[in-house]
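Before any comments, here is the structure.
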Amino acid sequence: METIFALATARGKAGVAVIRISGALAWEAAGRLAGRLPEPRVAGLRHLRLDGETLDEAVVICFAEGASFTGEEVAELHLHGAMATVTAVLRALSGMEGLRLAEPGEFTRRALENGRLDLAQVEGLSDLIESETESQRKQALAVLSGAVGTMVEGWRAKLVRAAALLEATIDFVDEDVPVDVTPEVIELIDDLRRDLRWEMDRSGAAERIREGFEVAIVGRPNAGKSTLLNMLAGREAAITSEIAGTTRDVIEVRMDLGGLAVTLLDTAGLRETADVVEAIGVERAVQRAQGADLRIFLLDDADVPMIAPKPDDLIVFGKADLRSVDGFAISGKTGEGLDRLIAEVTAILANRAAGAGVMSRERHRAALSRAFDALDSARNEVLRGTERAELAAESLRQALRALEALVGHVDVEHLLDEIFASFCIGK
Amino acid sequence: MKHFDVIVVGGGHAGTEAAHGSARMGAETALVTLRRDAIGVMSCNPAIGGLGKGHLVREIDALDGVMGRAADFAGIQFRLLNRRKGPAVQGPRTQADRKLYREAMQKLTDDQPHLTVIEGEVADLIVTEGKVSGVILADGSQLAAGGIVLTTGTFLNGVIHIGDRQKPGGRIGDQPSVALAARLRDLSLPLGRLKTGTPPRLDGKTIRWDILDSQPGDDDPEMFSFLHDKPFVRQVSCGITHTNEQTHDIIRENLNRSAMYGGHISGVGPRYCPSIEDKVVRFADKNAHQVFLEPEGLDDDTIYPNGVSTSLPEDVQERYIRSIRGLENVRILQPGYAIEYDFVDPRALKPTLELRDLPGLYLAGQINGTTGYEEAAAQGLVAGLNAALCVQSRDPMIFSRTSSYIGVMIDDLVTRGVSEPYRMFTSRAEFRLSLRADNADQRLTGVGLALGCVGEERRRSFSDKMERLSAGKDLLASIVLTPKEAALRGLRVNQDGAKRSAYSLLSFPDIDFSQLAAVIPELGAMDPKIGEQLARDALYAHYIIRQENDIAALKRDEDWVIPDDFDYSALSGLSNELKLKLGRARPQTLAQAGRIDGMTPAALALILARLRQGRRAAIA
């Protein structure tokens, strides 16, 4: 097996840079630079030398096989973060027999292959590294620590129980097993459907946390949408002018609102237009606005929204610096009402995020939804009577298979274990 | 020295099926057994078939094997289990008259060309150049063959326990094969120890039948063999009684005298066939356990009380048996006993049941850690066919999980091994909806014909049936009804405007063939049996299409053959634990590797990547 190494921290000038070495030769390689190595999991200060020349003074930590991130023998060299130092140590390692530079993601892949992380955990790790906001960090950490696995473990126990009850009535019909297991099976299926439905509902918010909420600013041309966007973003992201219809395409600004990732969308003003390019912009604006998680309608005077607001959507009156209106007035120029707007948007999104689950990916949602559909058809078959037991059992198997992507493999031995533990079999 | 193509050692269910399978392939076959008149003996309960097991018997029959035919000749109470559930989980079963079964099996054996029965005890194997080439009998004579099938059941280091008494033996009244066992131990095969038990045998003349419930056979008995359509002998009922609190008290008070609870037995017993001691201890809250009183034969008063196997001493057996309703004055003809025996870890076998480390030697039946006549016979068939194929220098016959219960069982055995005596259940077959007892011939007889193990009589009836099925299906597909037309005929379907063929109407839960035939005159001429069979196919058609993706995925994985010398230690990124497991199990295909305990998707991907490299290298 090849031993791999790479810079584990970001490239560039920094206080500390960490080089990670993983594989059968990791300790040997670290030892060739550092001399006597510290005990595993104990930090030791060492001079790194190659051919008598000192490269750096570094903290060295070793991890034993089976007790490291990758599951292999690992050594970490915590260097001073100078680019020249890092380059010198990497070059020294490249020169050693049996070592090579790791490919992107290779440490994580080895962790997966050695069973140190499951697939959901790998996704969690990648999300953690990518996380920009506090909610993303918390969510990713929950997934990384196995929250998906724990949750699915509970479902799997219920599914296995339901399947075992049905299988018992099929395979042990001549034995002292309950003839009608319908009530318990239906109860288990309904429990699971409720759990899955709940988690699917929450997965939308979970995905939003991971990818960011979209908030669209909509209104008529020249309502001051771009000015508002720039004010919120704290920079000139959109071109503003007195000319109505200045914004033609959708402009996106990514920002952190109260720990949530939010993408603010500035859209073309909504009006009937003969200008072909503007018309495309308007159509696009309507589309994006309707697909967004929240809309801020920026209105003039007694204006009415051109697309129907959804619950939670905010209606504000712009250009408060130029006129006084009843209601929620803001000004992108003076900043009047901005703090209130930010507070309201944040409160609405935070409320949604609070209900978020850990299933944050399309893959998770697809698996949940396949399992849910299979449970539905299992339920129908169970209710049709015991003569359809094998079809109900087949649907339960499909539900298990659908969750397999999340849970790891379930096999018949688990069903039999459950049957033999519950019923006295053997006529 | 006498020469044969194939020698089968042992005349039990595995041995007879192996010998017949090999002989049907045209291989000159010797069946070596201690006593010719013991061929076809049922040493445990007098019944054949059941759920999963009945499926196996049908598959054996589809390949022209003998178990199904003999069971039909001897069947005295036929029942199709799960008759009220779907056809995929219906299993044929019969009580079998011991004597009639033995006679039927011996007659079939006498009539089988290329098959010679030799009475004798096999004491040793002849191994030349790392390959088994013959056997040495206890009298010193030698027999040579290209393939040897060993079916020695529980005779390997068998020990019988009755209470705290033990004696060597594989079955009451028979001697264990100590010499052969020693020889197998020298081969350093991985061995394990299992146990099983039997109940006492009762004298039916001393049972008060008048006060007991009885269970008759089906009114419309279902045969095992596709060649038969009705029973051959008089049909009888079984009695039903129950244990009670008094029975349980007697057992509890004497647990320390039971071989198992007294600590005399180390082997692992089957969870689905526990002794009465086990039931009383593990399910202490149950105050009664069912006991079936199964007749052993039409002119035999012996009764087999199914459900009360035991290893208690004889005096305790008598007391607890007599505490059961209807058995107050019963006479025990032969006490129940537990038996411990060695088995070979089946992970040492190829899917042909040939030992990986000793070419030419095939193992089948209980010696591989299974239980049950049907499981044994099915393995015998696989070993017999493959031994013959090997001698004939032809490709092996590997049964797939996707097309037979036989395939499911063999795959479970050679990839997963056993932790308790292995018994077939329908829930073991993930493609259960398409692997049905009713379509075993449609799945396997064609395969058997291509292989050459199916005789002329079956070939004719099979091709006739297939022609009629195909014509019937065409007819059903050609009749198309609108929902309105269907409703006019009293058929309940959704009024959704979708036209449906008569075939797809049969997949509706409340439409069966007779109903359809009554309202569609064109179907009047179709044989109802053919129509009913097509209805069973139609019922699951929708599910089977969905399963086809899974089957295709499995077949793809089965197509990735892992060479015997595949070096797992050279795979970077594979945990040491998995390397060890894979090295020991040596899966033959990627599909098998995936079923090894503890296998991860990532590890499978690694193996696949290496196999792909190998394939690319081979092309270049």
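The values are calculated or read from the model by the stated rules, or taken from the named source; none is laboratory data. Everything numeric here is computed off the predicted structure, so don't read it as measured data. Ideal geometry is used to build each Cβ from the backbone, glycine not excepted, and the neighbour counts take in all protein chains shown.
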Please count how many residues of the stretch B:355-388 are over 19 Å from the mean Cα position of the chain (by Cα) and either outside any helix (DSSP H, G or I) or of a type in the set (Phe, Trp, Tyr) (or both).
7
For the stretch B:75-82, check the following and say yes or no: at least one residue is at pLDDT 95 or above, part of a helix (DSSP H, G or I) and surrounded by 23 or more Cβ atoms within 10 Å (Cβ to Cβ).
no
Would you pick out the residues in the stretch A:204-260 that are assigned to a strand (DSSP E or B) and in contact with a Lys or Arg (Cβ under 7 Å, 6 or more places away or on another chain)?
A:Ala216, A:Ile217, A:Val218, A:Gly219
I'm trying to understand the selection: among the residues of the stretch A:281-290, which are touching a residue at least 24 places away in the same chain (Cβ under 8 Å) and over 20 Å from A:Asp312 (Cβ atoms)?
A:Gly281, A:Arg284
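Can you tell me which residue among B:Gly204, B:Gly267 is more than 14 Å from B:Ser311 (Cα to Cα) and touching a residue at least 24 places away in the same chain (Cβ under 8 Å)?
On the way: B:Gly267 fails: more than 14 Å from B:Ser311 (Cα to Cα).
Result: B:Gly204 is the single residue among B:Gly204, B:Gly267 that is more than 14 Å from B:Ser311 (Cα to Cα) and touching a residue at least 24 places away in the same chain (Cβ under 8 Å).
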Identify, from the list B:Gly490, B:Gly472, the residue that is surrounded by fewer than 17 Cβ atoms within 10 Å (Cβ to Cβ) and within 25 Å of B:Pro87 (Cα to Cα).
B:Gly490
Being in a strand (DSSP E or B) and surrounded by 14 or more Cβ atoms within 10 Å (Cβ to Cβ) is the filter here, so list the residues in the stretch A:7-53 that pass it.
A:Leu7, A:Ala17, A:Val18, A:Ile19, A:Arg20, A:Ile21, A:Ser22, A:Gly44, A:Arg46, A:Leu48, A:Arg49, A:Leu50
Within the stretch A:289-311, residues basic (Lys, Arg) and surrounded by 14 or more Cβ atoms within 10 Å (Cβ to Cβ) come out as A:Arg295
Within the stretch A:351-387, residues being surrounded by 15 or more Cβ atoms within 10 Å (Cβ to Cβ) and either assigned by the TED database to the domain that holds A:Leu232 or touching a residue at least 60 places away in the same chain (Cβ under 8 Å) (or both) number 19
Restricting to the stretch B:421-480, what's the tally of residues that are among the β-branched types (Val, Ile, Thr) and within 14 Å of chain A (Cβ to nearest Cβ)?
1
When the stretch B:549-566 is checked residue by residue, the ones that are part of a helix (DSSP H, G or I), surrounded by 14 or more Cβ atoms within 10 Å (Cβ to Cβ) and without any contact (Cβ under 8 Å) to a residue 60 or more places away in the chain are B:Asp557
Do we find that B:Val418 is within 14 Å of another protein chain (Cβ to nearest Cβ) and surrounded by fewer than 24 Cβ atoms within 10 Å (Cβ to Cβ) in this structure?
yes
Between residues in the stretch A:78-97 that are closer than 20 Å to A:Gly15 by Cα and in a strand (DSSP E or B) and residues that are of a type outside the set (Val, Ile, Thr) and at pLDDT 90 or above, which pairs lie under 6 Å by C-beta distance while being six or more apart or on different chains?
A:His78/A:Ala58; A:Leu79/A:Ala17; A:Leu79/A:Asp56; A:Leu79/A:Ala58; A:His80/A:Asp56
Output the residue which, of all residues in the stretch B:280-331 that are in a strand (DSSP E or B) and within 14 Å of chain A (Cβ to nearest Cβ), is farthest from B:Pro199 (Cα to Cα).
B:Gln290
Anything in the stretch B:544-603 that is within 13 Å of chain A (Cβ to nearest Cβ), over 28 Å from the mean Cα position of the chain (by Cα) and among the charged types (D, E, K, R)? List them, or say none.
B:Asp567, B:Glu577, B:Lys579
Residue within the stretch B:560-572 that is under 23 Å from B:Val418 (Cα atoms) and out of contact with any Lys or Arg (no Cβ under 6 Å at 6 or more places or on another chain) present:
yes
Any idea which of B:Ala23, B:Ala70 is in the same structural domain as B:Phe431 (by the TED database), free of Cβ contacts under 8 Å to residues at least 40 places away in the same chain, surrounded by 22 or more Cβ atoms within 10 Å (Cβ to Cβ) and not in a strand (DSSP E or B)?
B:Ala70
Restricting to the stretch B:68-78, give me the number of residues that are more than 14 Å from B:Lys107 (Cβ to Cβ) and in contact with a Pro (Cβ under 8 Å, 6 or more places away or on another chain).
4
The number of residues in the stretch A:136-190 that are closer than 18 Å to A:Gln121 by Cα, touching a Leu at 6+ places or on another chain (Cβ under 7 Å) and within 14 Å of chain B (Cβ to nearest Cβ) is 0
State yes or no: is A:Arg109 of a type outside the set (A, V, I, L, M, F, W, C), assigned to a helix (DSSP H, G or I) and either at pLDDT 80 or above or not assigned by the TED database to the domain that holds A:Thr70 (or both)?
no
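Looking only at residues that are in a helix (DSSP H, G or I) and surrounded by fewer than 24 Cβ atoms within 10 Å (Cβ to Cβ) in the stretch B:26-67, which one is nearest to the chain's Cα centre (by Cα)? Reasoning before the result, please.
Our first condition is that a residue be in a helix (DSSP H, G or I); within the stretch B:26-67, this holds for B:36-38, B:53-62, B:67.
With surrounded by fewer than 24 Cβ atoms within 10 Å (Cβ to Cβ) added as a condition, the list becomes B:36-38.
On the way: B:Arg36: 23, B:Asp37: 23, B:Ala38: 20 Å.
This residue is B:Ala38.
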Checking B:Arg84 against (1) within 14 Å of chain A (Cβ to nearest Cβ); (2) within 22 Å of the chain's Cα centre (by Cα), the condition it does not meet
(2)
I'm trying to understand the selection: among the residues of the stretch A:344-392, which are closer than 27 Å to B:His542 by Cα, away from chain B (no Cβ under 14 Å) and among the hydroxyl-bearing types (Ser, Thr, Tyr)?
A:Ser369
Among the residues of the stretch A:380-391, are any part of a helix (DSSP H, G or I) and β-branched (Val, Ile, Thr)?
yes
On the given criteria, is B:Thr116 outside any helix (DSSP H, G or I), away from every other protein chain (no Cβ under 14 Å) and of a type outside the set (D, E, K, R)?
yes
Please work out if B:Phe343 is without any contact (Cβ under 8 Å) to a residue 60 or more places away in the chain and among the aromatic types (Phe, Trp, Tyr).
no
Being part of a loop (DSSP other than H, G, I, E, B), at pLDDT 95 or above and surrounded by fewer than 22 Cβ atoms within 10 Å (Cβ to Cβ), is that true of even one residue in the stretch B:162-176?
no
